[in-house]
Amino acid sequence: MLIPAMAFTAALTMASSTLTSPKDRGRELVEDVCTYCHNLERLRGQELSREEWRGLIKGMVSEGAPVTDEEFSLILDYLVKHYGRKH
Ligand code: HEC
């Protein structure tokens, strides 16, 4: 009884450390939450700074985007990295 339970726990621990790395979580969240009302074409060519993205995501949250504080910062990091202003 004990051993299968332990193996299950170990598998879960491994899954959560590989599947939910901040990088992948940010991407998942953007692909999931930010396609709720429009597609990701909206994000292309924005090239916003971190502060501008922060303001924009806040605007999306007030439109009704379901984002927690933790998810907010993951989304922000992802957007700044992948849709940030080019230097
Ligand atoms: C609840 C619906 C909803 C969700 C969820 C949502 N958006 Fe939007 N988004 C809108 C609406 C409505 C507009 C058009 C607003 C406007 O044109 O003023 C928009 C427009 C945009 C634009 C274009 C803004 C511009 O000035 O051209 C961007 C970029 C954007 N959204 C990014 C995001 C991101 C990033 C997310 C995920 C965090 C997201 N949206 C989630 C409703 C949503």
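Laboratory data are not the source of any read-out in this text; all were calculated from the coordinates shown. Because the structure is a prediction, the values reported are computed rather than measured. Note: ideal-geometry Cβ built from the backbone for every residue, glycine included; neighbour counts use all protein chains shown.
Arrange the peptides 25-37, 44-56 so that the one whose residues have, on average, the most other Cβ atoms within 10 Å appears first.
Sorting 25-37, 44-56 by mean packing, highest first, produces 25-37, 44-56.
Count charges around Tyr83 for me, please; just the other residues with Cβ under 12 Å from its Cβ, Lys/Arg as +1, Asp/Glu as -1. Numbers along the way, then the final one.
Numbers: positive: Arg27, Arg42, Arg44, Arg50, Lys81, Arg85, Lys86; negative: Glu41, Glu47, Glu52, Asp77.
Summing Lys/Arg as +1 and Asp/Glu as -1 gives +3.
Sort all Cα-Cα distances of the range 37-87 into consecutive 10 angstrom bins from zero, then give the percent of pairs in each bin up to the one containing the longest distance.
For the range 37-87, the binned pair fractions read 26, 59, 14, 0 percent.
Would you mind calculating the relative contact order of the range 22-83 from Cα pairs under 8 angstrom and at least 6 residues apart, reporting the percent as a whole number?
Reported relative contact order: 58 percent.
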